[in-house]
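Undergrad: I am attaching a structure below and will ask some questions about it afterwards.
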Amino acid sequence: MQAMLEAEMDDALGASKSERTETRLGYRSGYYSRTLVTRVGKLELRVPQDRNGRFSTELFERYQRSEQALVATLAEMYVQGVSTRKVKAITEELCGHSVSASAISAINKRLDASLAAFAGRQLAEPFPYLILDARYEKVREGGIVSSQAVLIAIGIDWDGRRQILAVEMANRESRSSWKDLLLGMRKRGLHGVEFIVADDHAGLRAAVREVLPEAAFQRCYVHFLRNALDHLPRKADDDCLQELRWLYDRRSVEEARRDLAVWIAKWSGRYPKLVAWAEEAIEETLTFYRLPRRHHKHLKSTNMLERLNEEIRRRTYVVRIFPNSDSCRRLVRALAVETHENWLEAHRYLNMDDLRELKKSQLRQAA
């Protein structure tokens, strides 16, 4: 590379060092030092100068692609949940040059423009199915560490493909925060929502009723069964909840309700508090029975989103406490983009012809 710099100067001046010729275009004027970090290590180069200051090497531009590859790798390490300490160690081992935490942060901020474009993209196609959930991350704001909500929305389009529609931060999971997320998606074009799956959070429920009142609501049965533990003594009979869970494997809502009546009769004397609570709350966990049978296992719970949350948890665990909400949003959105693209490249998640046939059948019956 040093030889290439000398050759470039010879070409620019029309003569090599100390060569006398009538075609010479100028004279050398010493060197300045330049460090170049490449994938094969850190190079200390002496860049020649000419007296008129016109010489400009193309060498460094030629190696910008290598530097860009290194920068892209640092950003990808961040997305994959590699700690700053490990990133510094890796770059020092590979390149003989460690990248500071502030430099890594600056590199990661370059993701913001593309992530904002993803979060604000138009939703031109209809999404009949919508799955909503939230998780919490530790964030430091004003010197105080608190838990902030990460609100996530997944849609399934009429091709049967899953898409991540929104990832937003909020101080807490409230009616206003969920309403802002839903209204934001509506402004971006969200339409055609017929069925929503979510946990029984009061704020979320209120926001859904206000923004998407036409959609049927499915309360996640997994969360419902977890909530049932609050109404049981610590040493309860395991068969009680197991039999309640079996209701969600029935072929139709009529079968489920018949088995529910049997369950109530069997356990009301032993666990009256649980049975009374279940009778009042269980109906919304059975909404999925109005869907095609092959869609039941996918849309009776938020498990689809829970798996995404597990992947987020695996990577945010490395950070533990985010320095601010922007850094948390950046990482989770980067993971969301990665997952979103993988989903689009994969096979269809659901066969939506089943839903089309069901709707046609319902229209014929109505006529």
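Yes or no, residue by residue, for (1) assigned to a helix (DSSP H, G or I); (2) under 15 Å from THR285 (Cα atoms); (3) modelled with pLDDT of 95 or more:
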site	(1), (2), (3)
LYS235	no, no, no
ASP239	yes, no, no
LEU247	yes, yes, yes
GLU254	yes, yes, yes
LEU260	yes, yes, yes
ALA265	yes, no, yes
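Undergrad: Still on this model: Suppose we filter GLY81, GLY53 for residues that are more than 18 Å from the chain's Cα centre (by Cα), on the phi > 0 side of the Ramachandran plot and either at pLDDT below 90 or not in a helix (DSSP H, G or I) (or both); which single one remains?
TA: Every option except GLY53 fails the conditions.
Undergrad: Right, here's the next one. Take the conditions touching a residue at least 60 places away in the same chain (Cβ under 8 Å) and either in contact with a strand residue (DSSP E or B) (Cβ under 6 Å, 6 or more places away or on another chain) or in the same structural domain as GLU194 (by TED's automatic domain parsing) (or both) and apply them to ARG329. Does it pass?
TA: So ARG329 passes the test.
Undergrad: Among the candidates VAL275, VAL197, which residue alone is part of a helix (DSSP H, G or I) and touching a helix residue (DSSP H, G or I) at 6+ places or on another chain (Cβ under 7 Å)?
TA: Just one listed residue meets the conditions, VAL275.
Undergrad: Can you find even one residue in the stretch 248-261 that is within 31 Å of the chain's Cα centre (by Cα), free of Cβ contacts under 8 Å to residues at least 60 places away in the same chain, under 24 Å from ASP133 (Cα atoms) and in the same structural domain as MET169 (by TED's automatic domain parsing)?
TA: Within the stretch 248-261, one or more residues are within 31 Å of the chain's Cα centre (by Cα), free of Cβ contacts under 8 Å to residues at least 60 places away in the same chain, under 24 Å from ASP133 (Cα atoms) and in the same structural domain as MET169 (by TED's automatic domain parsing).
Undergrad: Going by the structure shown, is ARG270 under 20 Å from ASN227 (Cα atoms) and surrounded by fewer than 18 Cβ atoms within 10 Å (Cβ to Cβ)?
TA: Criteria met by ARG270.
Undergrad: Exactly one of (1) over 31 Å from the mean Cα position of the chain (by Cα); (2) surrounded by 15 or more Cβ atoms within 10 Å (Cβ to Cβ) is unmet by GLU279. Its number?
TA: (2)
Undergrad: Residue pairs, Cβ under 8 Å, 6 or more apart or interchain, first in the stretch 170-186 and farther than 18 Å from ASP199 by Cβ and buried (at least 20 other Cβ atoms within 10 Å of the Cβ), second at pLDDT 95 or above and not polar (S, T, N, Q). List them.
TA: Sorted first by the residue in the stretch 170-186, then by its partner, the pairs are MET185/LEU123; MET185/ALA153; MET185/LEU165; MET185/ALA166.
Undergrad: Considering (1) in contact (Cβ under 8 Å) with a residue 24 or more places away in the chain; (2) not in a loop (DSSP other than H, G, I, E, B), say which one SER361 fails and leave the rest.
TA: The single condition SER361 does not satisfy is (1).
Undergrad: OK, next. What residue, of ARG330, ARG314, ARG348, is loosely packed, with under 15 Cβ neighbours inside 10 Å and part of a helix (DSSP H, G or I)?
TA: ARG314
Undergrad: I would also like to ask the following. Collect the residues in the stretch 307-326 that are touching a strand residue (DSSP E or B) at 6+ places or on another chain (Cβ under 9 Å), among the hydrophobic types (A, V, I, L, M, F, W, C) and more than 22 Å from LEU132 (Cβ to Cβ), keeping them in residue-number order.
TA: Passing the criteria: VAL319, ILE321, PHE322.
The values are calculated or read from the model by the stated rules, or taken from the named source; none is laboratory data. No experiment lies behind these values; they were computed from the predicted model shown. Positions of Cβ are generated from backbone atoms using ideal geometry, with glycine treated the same way; all protein chains shown enter the neighbour counts.
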